[in-house]
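Remarks on the structure that follows.
Read-outs throughout are calculated quantities, based only on the coordinates presented, and are distinct from any laboratory measurement. Bear in mind the structure is a predicted one, so any value in this text is a computation, not a measurement. So basically every Cβ, Gly included, is an ideal-geometry build from the backbone, and we count neighbours across all protein chains shown.
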There are 2 protein chains.
Amino acid sequence: MSTTATFYHAGCPVCVAAEQKIAESLDTNRYDVEIVHLGEAKERIGEAEAAGIISVPALVIDGQAFHINHGADLTDLK
Amino acid sequence: MSTTATFYHAGCPVCVAAEQKIAESLDTNRYDVEIVHLGEAKERIGEAEAAGIISVPALVIDGQAFHINHGADLTDLK
């Protein structure tokens with residue numbers, strides 16, 4: 001059974017690098033990777049905040065938030 | 001052909017979480033994941049710095065450094 005891993009980003013260069021090298025490198029046999037562009041899907045910023053995310057790019061796996069380098073603060077996306 | 005992905009850490013709780021959720025979630029068909037404890041292998045701190053790492057936990061994939069949350073600065077491990 002696959003678990004959902006959610007990658008949140010804002011289209012920034014730092015975000016794209018993290019998406020290509022980390023989000024897309026996860027084992028798809030174990031994870032369904034969902035990519036969410038918070039600049040376009042602003043209605044999901046609240047969900048990201050609730051998961052503990054304060055900046056993007058970030059990856060939420062099994063309820064844990066991992067900030068990967070730093071592209072933009074969530075507060076700047078609102 | 002597999003590429004080496006190197007995960008650098010220092011044994012801290014933040015590092016362990018990143019190791020279990022991200023380093024161990026990479027697709028092992030594409031990546032040989034090496035785990036390096038810089039507190040024990042201090043001789044490899046220079047290599048981590050050269051890859052652009054300034055704090056752990058961090059993952060280097062295809063020559064790019066990704067800092068994952070923040071456990072400890074590299075300067076504190078010397």
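Go through the stretch A:49-65 residue by residue and tally those that are part of a loop (DSSP other than H, G, I, E, B) and closer than 16 Å to A:THR75 by Cβ.
4
So, in the stretch B:61-78, how many residues would count as being free of Cβ contacts under 8 Å to residues at least 24 places away in the same chain and away from every other protein chain (no Cβ under 12 Å)?
Here the count works out to 3.
Can you confirm whether the stretch B:43-60 contains a residue that is farther than 20 Å from A:GLU24 by Cα, more than 13 Å from the chain's Cα centre (by Cα) and in contact (Cβ under 8 Å) with a residue 60 or more places away in the chain?
There is no residue in the stretch B:43-60 that is farther than 20 Å from A:GLU24 by Cα, more than 13 Å from the chain's Cα centre (by Cα) and in contact (Cβ under 8 Å) with a residue 60 or more places away in the chain.
Could you check, for the stretch A:69-77, whether at least one of its residues is in a helix (DSSP H, G or I) and touching a helix residue (DSSP H, G or I) at 6+ places or on another chain (Cβ under 7 Å)?
Checked the stretch A:69-77: at least one residue is in a helix (DSSP H, G or I) and touching a helix residue (DSSP H, G or I) at 6+ places or on another chain (Cβ under 7 Å).
So which residues in the stretch A:19-48 are surrounded by fewer than 14 Cβ atoms within 10 Å (Cβ to Cβ) and either part of a helix (DSSP H, G or I) or among the hydroxyl-bearing types (Ser, Thr, Tyr) (or both)?
A:GLN20, A:THR28, A:LYS42, A:GLU43, A:GLY46
Can you pull out the residues in the stretch B:1-16 that are within 12 Å of chain A (Cβ to nearest Cβ) and surrounded by 20 or more Cβ atoms within 10 Å (Cβ to Cβ)?
Correct list: B:ALA5, B:PHE7, B:CYS15.
Just the residues that are without any contact (Cβ under 8 Å) to a residue 24 or more places away in the chain and closer than 17 Å to B:PHE66 by Cβ, please, taken from the stretch B:27-42.
Result: B:ASP27, single match.
What are the residues in the stretch A:4-18 that are among the small types (Gly, Ala, Ser) and part of a strand (DSSP E or B), if any?
Selection gives A:ALA5 alone.
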